[in-house]
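K.L.:
Take this structure, written in structure tokens, and hold onto it; I'll ask about it next.
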Amino acid sequence: MTVTTQDTAESVQLVVLDMAGTTVADGGLVELAFDAAARGLGVEPGSADHAAKLDYVRATMGESKISVFRHLFGDEERAQRANAEFESTYGKLVADGRCEPVPGAREAIERLKADGRRVVLTTGFARVTQDAILDALGWRDLVELTLCPADAGGRGRPYPDMVLAALLRTGGADSVRRIAVAGDTSYDMIAGRRSGAGVVAGVLTGAHGADALRESGATHVLDSVADLPALLADAAGENGRPAGHPEPRT
Ligand SMILES: [Mg+2]
């Protein structure tokens with residue numbers, strides 16, 4: 001075994017993919033479920049209060065949902081009520097068939113695995129919602145590990161905890177530099193950079209646009225996760241350096 005700190009020329013071994021907006025298209029279910037949660041606490045759609053809270057939900061998309069509700073509703077009891085209503089509504093919409101894979105996402109995951117990479121799916125939702133999505137898509141056995149915030153200490157994004165938990169649970173990479181993170185939100189990019197991942201790819205199939213993703217640290221912006229397998233293959237093979245580090249590090 002060769003031990004080196006010059007691992008930047010090595011290929012990505014572990015890929016950590018966000019679900020909603022990145023691999024799963026949910027068609028705005030987050031906002032529908034938020035409406036139900038807000039209404040349960042007396043915040044009616046159409047009100048200024050609702051508009052301000054919805055802006056916050058959009059800006060923090062990707063964050064642990066209970067954290068979002070703690071910020072919006074203050075005390076723990078109200079936050080828990082909002083979260084429960086959110087998760088319940090979202091789960092029902094998913095069970096009704098209101099989510100589907102991002103086009104090419106399943107094939108991309110299978111290609112990543114065929115290329116010898118390990119793949120983990122992460123989310124800001126609670127486990128019950130994550131499982132509802134996996135069941136609706138028939139994805140229970142697609143990857144070896146799925147993580148929600150509670151599986152990694154509870155903080156969720158923008159902390160790097162789920163990415164690092166993916167590494168610790170799978171033993172899937174020799175170094176954090178050999179991890180790739182992909183997501184559709186600023187918080188995915190921040191979490192990816194904080195984890196030390198060598199590739200932090202933003203995708204344009206979800207919540208945030210290219211400028212927001214780059215400002216939050218994206219090393220790459222892709223039209224879709226469907227482009228990720230080729231990016232990682234190119235990064236490892238063509239220039240001998242991982243994507244995101246065009247200049248050799250010394
Ligand atoms: Mg997302």
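K.L.:
Can you tell me how many residues within segment 162-190 are in a helix (DSSP H, G or I) and within 16 Å of the ligand (Cβ to nearest atom)? Don't jump to the end; show me each part of the working.
P.N.:
Here is the first cut: in segment 162-190, the residues in a helix (DSSP H, G or I) are 162-170, 176-178, 186-190.
Among the residues that remain, those that are also within 16 Å of the ligand (Cβ to nearest atom) are: 162-163, 166, 186-190.
Looking only at that region, the number is 8.
K.L.:
Within segment 42-70, how many residues turn out to be out of contact with any helix residue (DSSP H, G or I) (no Cβ under 7 Å at 6 or more places or on another chain) and outside any loop (DSSP other than H, G, I, E, B)?
P.N.:
Summing the residues that are out of contact with any helix residue (DSSP H, G or I) (no Cβ under 7 Å at 6 or more places or on another chain) and outside any loop (DSSP other than H, G, I, E, B) in segment 42-70 gives 8.
K.L.:
While we're on this one: Return a yes/no flag: does segment 9-28 have any residue that is surrounded by 14 or more Cβ atoms within 10 Å (Cβ to Cβ), modelled with pLDDT under 90 and not in a loop (DSSP other than H, G, I, E, B). Outline the logic, then answer.
P.N.:
The first filter runs over segment 9-28 and keeps only residues surrounded by 14 or more Cβ atoms within 10 Å (Cβ to Cβ), leaving 9-26.
From what is left, the residues that are modelled with pLDDT under 90 are 9-10, 26.
Retained after the next criterion (residues that are not in a loop (DSSP other than H, G, I, E, B)): 9.
Yes - at least one qualifying residue is present in segment 9-28.
K.L.:
From the residues in segment 88-140 that are under 22 Å from LEU14 (Cβ atoms) and aromatic (Phe, Trp, Tyr), which one is nearest to the ligand (Cβ to nearest atom)?
P.N.:
PHE125
K.L.:
Out of the residues in segment 120-131 meeting the condition of being in a helix (DSSP H, G or I) and open to solvent by 10 Å² or more (accessible area, probe 1.4 Å), tell me which one is nearest to LEU168 (Cα to Cα).
P.N.:
In this case the residue turns out to be ARG127.
K.L.:
On to the next question. If you go through segment 67-75 one residue at a time, do you hit one that is closer than 30 Å to ILE179 by Cα and open to solvent by 20 Å² or more (accessible area, probe 1.4 Å)? If you could, list the steps in order and put the result at the bottom.
P.N.:
Step one: filter segment 67-75 for residues closer than 30 Å to ILE179 by Cα, giving 67-68.
In the following step, the residues that additionally are open to solvent by 20 Å² or more (accessible area, probe 1.4 Å) were identified as 67.
Checked segment 67-75: at least one residue is closer than 30 Å to ILE179 by Cα and open to solvent by 20 Å² or more (accessible area, probe 1.4 Å).
K.L.:
Of all the residues that make up segment 151-209, how many are without any contact (Cβ under 8 Å) to a residue 40 or more places away in the chain and acidic (Asp, Glu)?
P.N.:
Total satisfying the criteria: 2.
K.L.:
Another question about this same structure. Checking GLY154 against (1) within 16 Å of the ligand (Cβ to nearest atom); (2) within 16 Å of the chain's Cα centre (by Cα), which single condition isn't satisfied?
P.N.:
Only one criterion in (1) within 16 Å of the ligand (Cβ to nearest atom); (2) within 16 Å of the chain's Cα centre (by Cα) is unmet by GLY154, namely (1).
K.L.:
Please go through segment 143-156 and pick out each residue that is farther than 18 Å from LYS113 by Cα, assigned to a loop (DSSP other than H, G, I, E, B) and open to solvent by 10 Å² or more (accessible area, probe 1.4 Å).
P.N.:
GLY153, GLY154, ARG155
K.L.:
Identify the single condition in (1) within 16 Å of the ligand (Cβ to nearest atom); (2) open to solvent by less than 20 Å² (accessible area, probe 1.4 Å) that THR205 does not satisfy, given that it satisfies every other one.
P.N.:
Single failed check for THR205: (2).
K.L.:
Follow-up question, since we're still on this one. Could you grab the pairs with beta carbons closer than 6 Å, sequence gap of 6+ or different chains, first residue in segment 97-119 and open to solvent by 90 Å² or more (accessible area, probe 1.4 Å), second one not basic (Lys, Arg)?
P.N.:
Partner pairs satisfying both residue conditions: ARG98/LEU29; GLU100/ALA25; ARG111/PRO229.
K.L.:
Okay, next question. Within segment 212-234, restricting attention to residues that are among the charged types (D, E, K, R) and out of contact with any strand residue (DSSP E or B) (no Cβ under 9 Å at 6 or more places or on another chain), which residue is nearest to the ligand (Cβ to nearest atom)?
P.N.:
GLU215
The values are calculated or read from the model by the stated rules, or taken from the named source; none is laboratory data. Just so it is clear, the model here is predicted, and its values are computed rather than measured. Methodologically, a virtual Cβ is constructed for each residue, glycine included, from the backbone with ideal geometry; neighbour enumeration extends over all protein chains shown. For accessibility, only protein heavy atoms count, side chains too; no ligands or nucleic acids. Shrake-Rupley method; radii C 1.70, N 1.55, O 1.52, S 1.80 Å.
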